[in-house]
Every structure is written in C-alpha cells, then in structure tokens.
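Comments concern the structure below.
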Amino acid sequence: MEAVVTKLIAWVGLLVLALAAIGCTPWSEPGPSPSPASGGRVASATITSTGTSLDPGVSSWRVFTSMAGRYRLRYPPEWKAKESAGSGGPVLSLLPPKGSGITVLVTFTTPPEAEPSNLPNTQCRPILADGLKGSRCLDTVSMVVSTILQGRERWYVVTTSLRRPAVPAGAYDRVLASFRLT
C-alpha cells in the first residue's frame, strides 16, 4: 500500500511541477509545525469559509464549476482555469501569471490511504474542508502540498508547489476554503 501512496504523491508532484516554473525561494507551509515526538505529524486543521456558499474573502474571485467533477471553487481573477479529461477523471489546472499553479484531480477510485504513514520526508495531518474529511500532506523535499478530500462517490486531490508561491499569498488555502460540492 505504501508503494501506491508513494507513486500517487510522486505523480501529483510531477503534475504540479510540470505546471510550475522551478524556483529557489524557500518557503514553509503555514500552520503548526510537526514535532519529532509526534513522528512528523501535526494537529488536524479545518479549512473554513466565513459563512456564505463561497468564501466572501474572495468574493471578487472568479467561480469555476466542474460539471464532470461535481464541485465548484473560486480562483483569482488574473488566473486561467483549464479543465481536461484525465485517465481517472477530470483535471483542473489553475494557472497564475507567476508562481506555482494549483491542480484539482478528481478520481472515482479510492486513492491510497488519506493519511499515509511511514513515508520519508512527508508530513501529513487530517483536514476537514466544507465537511469533507481528508488529509493534507507536505513533501518536504519537493515542497509539494497535496490535499486529498473524500467526496460522496469520488475523491479530490488538490496540489500545489511551495517552491514559488503564487500571488496572491495564501491562494492555495483560499481556493481550498472555497471548495464546494455541487
């Protein structure tokens, strides 16, 4: 099972890196830091909006609705959204003018465990986004963040690279906070 998890993280990392320009800016993921005593795990987190069906903090952002993926989210107005058919389901690429993009992969098969264990250089924590349970993992070598959310009959994998953060700051968290099933 760990080999499958490693392959999924590597595939998602390659997908994100293909969309992002390579940069050298060090940047750490916001949020609690893992302690050595916790085995590299951090406390769970909840990604929430502040009340309406789409995060009002990003009300000027565009709304993207995936009919095939059965979700919607908001993204910055200067970004481009492109959805294509992937081998496992639809794939959305959110492309900023500068920095790393965000990818949303929808799969109809259960991905490997939502919270992988014993993976080297990977820090994971449970997460809740719009009522969807999932896991948020940071590969500390490639600096790729992957959030896996369990939907009704599908899974959503949201990724970005932290090597060159996109503008505006915190775009990944804000896109994730706006994520809603349709």
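Answer yes if at least one residue in the stretch 98-109 is free of Cβ contacts under 8 Å to residues at least 24 places away in the same chain, surrounded by fewer than 21 Cβ atoms within 10 Å (Cβ to Cβ) and touching a strand residue (DSSP E or B) at 6+ places or on another chain (Cβ under 6 Å), and no otherwise.
no
Using the structure shown, decide if LEU73 is at pLDDT 90 or above, among the hydrophobic types (A, V, I, L, M, F, W, C) and touching a Gly at 6+ places or on another chain (Cβ under 9 Å).
no
Among the candidates SER142, SER135, SER93, SER146, which residue alone is among the hydroxyl-bearing types (Ser, Thr, Tyr), part of a loop (DSSP other than H, G, I, E, B) and within 15 Å of the chain's Cα centre (by Cα)? Full working, then the answer.
Values: SER135 fails: part of a loop (DSSP other than H, G, I, E, B); SER93 fails: part of a loop (DSSP other than H, G, I, E, B); SER146 fails: part of a loop (DSSP other than H, G, I, E, B).
Criteria check complete, one pass: SER142.
With (1) within 18 Å of TYR75 (Cβ to Cβ); (2) part of a loop (DSSP other than H, G, I, E, B); (3) not aromatic (Phe, Trp, Tyr) as the list, and VAL157 as the residue in question, which single condition is left unmet?
In the conditions (1) within 18 Å of TYR75 (Cβ to Cβ); (2) part of a loop (DSSP other than H, G, I, E, B); (3) not aromatic (Phe, Trp, Tyr), VAL157 misses (2) alone.
Taking the stretch 131-144 as the region of interest, how many residues are hydroxyl-bearing (Ser, Thr, Tyr), touching a Leu at 6+ places or on another chain (Cβ under 9 Å) and more than 19 Å from ALA177 (Cβ to Cβ)?
1
Only one residue in THR159, THR147 is of a type outside the set (Phe, Trp, Tyr), buried (at least 20 other Cβ atoms within 10 Å of the Cβ) and within 16 Å of ARG180 (Cα to Cα). Which one? If you could, list the steps in order and put the result at the bottom.
Values: THR159 fails: within 16 Å of ARG180 (Cα to Cα).
On inspection, the qualifying residue turns out to be THR147.
Among the residues that make up the stretch 61-80, is at least one of them in a loop (DSSP other than H, G, I, E, B), under 16 Å from ALA169 (Cβ atoms), among the charged types (D, E, K, R) and free of Cβ contacts under 8 Å to residues at least 24 places away in the same chain?
yes
Kindly indicate whether TYR71 is surrounded by 17 or more Cβ atoms within 10 Å (Cβ to Cβ), aromatic (Phe, Trp, Tyr) and closer than 23 Å to THR109 by Cα.
yes
The values are calculated or read from the model by the stated rules, or taken from the named source; none is laboratory data. Just so it is clear, the model here is predicted, and its values are computed rather than measured. Methodologically, a virtual Cβ is constructed for each residue, glycine included, from the backbone with ideal geometry; neighbour enumeration extends over all protein chains shown.
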